[in-house]
Amino acid sequence: MSNSPLADPEQLRITEIFHSIQGEARSVGWPTVFVRLTGCPLRCVYCDTAYAFHGGEVLPLTEILDRVAEFAPRYVTVTGGEPLAQPGCRPLLRQLCDAGYEMSLETSGALGIEDIDPRVNIVMDLKTPGSGECGRNRLENLELLKRKDQLKFVIRDRADYEWSRSLVARYRLDRRVEVLFSPVHGELEARELARWILADGLDVRLQVQLHKYLWGDERGR
């Protein structure tokens, strides 16, 4: 069975659909249904969802919507992998918005975010040097972010922090969008990152991965 992104926009390769507590971004702590799409063109060294690179189940959009509806959620997050690698992601986002859910999309920013339904809250993970995929960032995406969107920097060490701080200042990102600084779980202590943020007086939001504290690395959580 091929694991390449599907060209048919009416179906998607899905790794899992599950109900959990949102661990990141603005809706942190709220019960959320996650739709995890299969496949990603990046290979970040700290990736915690490598199981979504391959495999998955091909489902029509109608069945995905039905499975989401079974949980009767308020919040729905489409994630990956890299969900925008599949053409069916945009139609899925639009139909989930039409169904009345509060929608968010988690994307790496390595693919274009044009033509995404404006009702979707985009959470873009701009890749730091420590990810090993910094060269894949499409900085032109920054101009497409809406005020309600969020820009995340996953930080491994002081070098990542300095790179992120510099980029925020250069593009005045904290004036345009909510900026999240998130330590790599198990590599950088959150309190250390907090100290750096406070010392430099940054207008960014410290974020920890709540789901890691609740469930560890348990899949489907």
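The values are calculated or read from the model by the stated rules, or taken from the named source; none is laboratory data. As the structure is a computational prediction, the values presented were derived from the model and not from experiment. Cβ coordinates were reconstructed from backbone atoms using ideal geometry, including for glycine residues, and neighbour counts include every protein chain displayed.
Data for the structure
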quantity	calculated
Which listed residue, of L202, L193, is surrounded by 15 or more Cβ atoms within 10 Å (Cβ to Cβ), in contact (Cβ under 8 Å) with a residue 24 or more places away in the chain and assigned to a loop (DSSP other than H, G, I, E, B)	L202
Wholly enclosed strands (runs of 3 or more DSSP E) of region 62-161 bearing at least 2 residues of a type in the set (D, E, K, R)	102-107
Exclusive hit being free of Cβ contacts under 8 Å to residues at least 60 places away in the same chain and surrounded by 16 or more Cβ atoms within 10 Å (Cβ to Cβ), set C89, C40, C47	C47
Boolean, L59 is in a strand (DSSP E or B), in contact (Cβ under 8 Å) with a residue 12 or more places away in the chain and more than 30 Å from F181 (Cβ to Cβ)	yes
Filtered residues of region 113-157 (kept if without any contact (Cβ under 8 Å) to a residue 60 or more places away in the chain, surrounded by 19 or more Cβ atoms within 10 Å (Cβ to Cβ) and within 23 Å of V76 (Cα to Cα))	I113, I116, V120, I122, M124, D125, L126, N141, D149, L151, F153
Selection status of E63, more than 17 Å from R90 (Cα to Cα) and either at pLDDT below 95 or not small (G, A, S) (or both)	no
Qualifying residue in region 165-175 (condition: in contact with a Leu (Cβ under 8 Å, 6 or more places away or on another chain) and either within 13 Å of C44 (Cα to Cα) or part of a loop (DSSP other than H, G, I, E, B) (or both))	no
Subset of region 49-87 [closer than 19 Å to A7 by Cβ and touching a helix residue (DSSP H, G or I) at 6+ places or on another chain (Cβ under 7 Å)]	L61, I64, V78, G80, G81, P83
Qualifying residue in region 10-33 (condition: at negative phi, touching a helix residue (DSSP H, G or I) at 6+ places or on another chain (Cβ under 8 Å) and small (G, A, S))	yes
Output for region 9-34, where each listed residue is under 18 Å from A50 (Cα atoms), crowded, with 19+ Cβ neighbours inside 10 Å and of a type in the set (D, E, K, R)	R13
Residue within region 160-179 that is modelled with pLDDT under 90, surrounded by 12 or more Cβ atoms within 10 Å (Cβ to Cβ) and of a type outside the set (D, E, K, R) present	no
